[in-house]
Amino acid sequence: MAQTDFDILVAGGGVAGLTAARLLVGDGWRVALAGQPRPAAWEGISPRVVEGLRRAGCAAAEAACATVVPRSAAWNGERHAANVECLVERATFDAALWQDAAAAGATLIDGRVTAVERDGTGWRLSVGDRVLRGGFLVEARGRKAPKAGPHRWNGPHTVALAQAFDGRPPARAESGVASCPDGWIWFAVLPDGRRLVQVFADAADVPAREGLAAFHAERMTQAPDVLAWLDGARPVGEVTARDATPLITAEADAPGALRIGDAAFGIDPLSGHGTYEAIGGALIARPVIATLLDAAADSAAALQFHRERVVDAFHRHALAGRAFYAQETRWTARPFWRDRAGWDPAALPAPPPAPPRAEVVVRPVIEGNRVVARRVVVTPQHRRGILSIDDVPLAPLLDVLAGDATPTVAAARLDRSPAQVAKATAWLVRQGLLPIPAAAV
C-alpha cells in the first residue's frame, strides 16, 4: 500500500460513519472522517439502539438517549400501546457521537465532502480546499452517496415531511404512529411542549417546496389522533423533506472500500430500526475491514459476509414493512396502501434460500475481530449459519460424536464443560442432526 496520511477515510458524519470511526480508531487504525451534521430533527429510536451504542463504546451518545417515552399506534381503526422509544434531538445526538469519535482519537473534519477519488492503491477525499489521503474508504454519506453501480433497487418512492411545533407542556411525553387514507404519520410530544409531526406520503403526491406546508397541514387533518396530540400547538420553522424509500445498492462493494448505513441500504421507516441498522452496520464493518486490510487470504469471505448481511437485513425489513402496511385494511384500494402492501421484494436482491433441513456447510463468520470461513450448521430458521452453542463449536462436536465418543469424552476433547456440551448436543438433537438419546425415547 502506498504511503498515506490515514489508514482509513470515512466519508459521512451520520450515525453509521461516526460509530464506525469510533470503533476503527479504537482498534489502532489511523482514521479520518469528513462530514456535516444532518438536518435538524427529532427521532424515535428503540432501546436496542442504546445497547448498540454501549457495545460500540459511544458513552456520550448513549447518555443522549435519556428521554424514554411510551409509544402508541392508531392503526386500522384501533388505538393501542405499542412499546417505548427514546426521543433524541438529531443535532444533540450527532454531536455526542462526534464527541465519542474524537475522544477515541479519530481525526474529524466538519465540512461537505466535495470529491472522493482513487489515488493509486488508495483514496483521496476532498473537503473544500483540504485533501485527505487514505488506504481504505468507508462510504457513509447515506442516500446522498454516489451509486455503487448503474442503479439501485428500491421499493415504492416515499417522502417524509417533518414540521416542528411549539405548545404547552403535556400531561406526559409520548410518541406514536397513525395511519390515514393516503399515508401515515409519526408524532412526538416532548416534556417541554415541543412537538414534531412527520408525514409519510407517496413521492408522486408531494408538491414543490412552496406547497409543502399546506400539504403537510392537509395530511394531518386525515388523522384526528394527530390533531388531538398537537393540542393547539403552533408550527415553528419550515417543513423539511427527505427521501424515505427502501433501497439497496445494486452492486457489491468496490475493492478497497465498504458502504455502510444508508449508503448500503435504506429501510422503510415503518419497519423501524433504521438507526439500529446504522450502528449494526458499523459494528459489522469493524471485523470486515480488519480482515480486508490485514488478512488478504480471507478477503473474499469478508466481502461475502458483508454483502450477505446487507441483503439479509434489507430483505427482512422489506418483508416486515410490507406486513405492517397490509395490517391497514380500510384503504387497500388507495395507491399508497395498495403499492406498499402489494410490493414484492422478491424481485430485489434476496438472501440465499433456507435449506429444507439442518445441515453442515462452510460459511463466512466472525471470529474475534476477523471474518473467516468455517463449518457451521444452517437450518430453515438460521440460513446464515450457527457456529456454536454456549461456546461449543457445533461442527467439531458432530465430528467427535460421530466417532462414538461419549458426551464426557467430547467435553474433554473440545475443552468445554459437560454442561456446555449437553446444551449444544440437545440443540443438535432438536435440529435432527443427532439421534434422540435412548433414555429420552
- [ ] Could you please give the count of residues in the range 406-431 that are of a type in the set (Ser, Thr, Tyr) and within 35 Å of the chain's Cα centre (by Cα)?
- [x] 1
TODO: Report yes if THR221 is farther than 30 Å from VAL311 by Cα and not basic (Lys, Arg), otherwise no.
DONE: yes
Task: Residue that is farthest from the chain's Cα centre (by Cα) [pool: residues in the range 343-391 that are acidic (Asp, Glu) and assigned to a strand (DSSP E or B)] - done: GLU359
- [ ] Count, please, the residues in the range 127-141 that happen to be hydrophobic (A, V, I, L, M, F, W, C) and outside any strand (DSSP E or B).
- [x] 1
- [ ] List every residue pair whose Cβ atoms sit under 8 Å apart, with the two residues 6 or more apart in sequence or on different chains, where the first one lies in the range 39-58 and is in a loop (DSSP other than H, G, I, E, B) and crowded, with 23+ Cβ neighbours inside 10 Å and the second, anywhere, is modelled with pLDDT of 95 or more and charged (D, E, K, R).
- [x] CYS58/ARG22; CYS58/ASP100
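Being surrounded by fewer than 21 Cβ atoms within 10 Å (Cβ to Cβ), modelled with pLDDT under 95 and among the charged types (D, E, K, R) narrows it down to one of ASP192, ASP205, ASP182, ASP253, so name that one.
Values: ASP205 fails: modelled with pLDDT under 95; ASP182 fails: modelled with pLDDT under 95; ASP253 fails: surrounded by fewer than 21 Cβ atoms within 10 Å (Cβ to Cβ).
Among ASP192, ASP205, ASP182, ASP253, only ASP192 is surrounded by fewer than 21 Cβ atoms within 10 Å (Cβ to Cβ), modelled with pLDDT under 95 and among the charged types (D, E, K, R).
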Task: Complete set of residues in the range 72-124 that are among the aromatic types (Phe, Trp, Tyr) and over 26 Å from PRO39 (Cα atoms) - done: TRP75, TRP123
Open item on the list: For the range 5-24, which positions are out of contact with any Leu (no Cβ under 9 Å at 6 or more places or on another chain) and either more than 30 Å from VAL239 (Cβ to Cβ) or outside the structural domain of ARG124 (by TED's automatic domain parsing) (or both)?
Closed with: LEU24
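Specify which of the listed residues (ARG374, ARG370) is crowded, with 16+ Cβ neighbours inside 10 Å and touching a residue at least 40 places away in the same chain (Cβ under 8 Å).
Result: ARG370 is the single residue among ARG374, ARG370 that is crowded, with 16+ Cβ neighbours inside 10 Å and touching a residue at least 40 places away in the same chain (Cβ under 8 Å).
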Task: Tally of residues being at pLDDT 95 or above and of a type in the set (Ser, Thr, Tyr) across the range 17-62 - done: 1
Task: In the range 315-340, the residues that are at pLDDT 95 or above, among the small types (Gly, Ala, Ser) and not in a loop (DSSP other than H, G, I, E, B) - done: ALA326
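The values are calculated or read from the model by the stated rules, or taken from the named source; none is laboratory data. Note that the coordinates shown come from a computational prediction; the quantities given were computed from them, not determined experimentally. Positions of Cβ are generated from backbone atoms using ideal geometry, with glycine treated the same way; all protein chains shown enter the neighbour counts.
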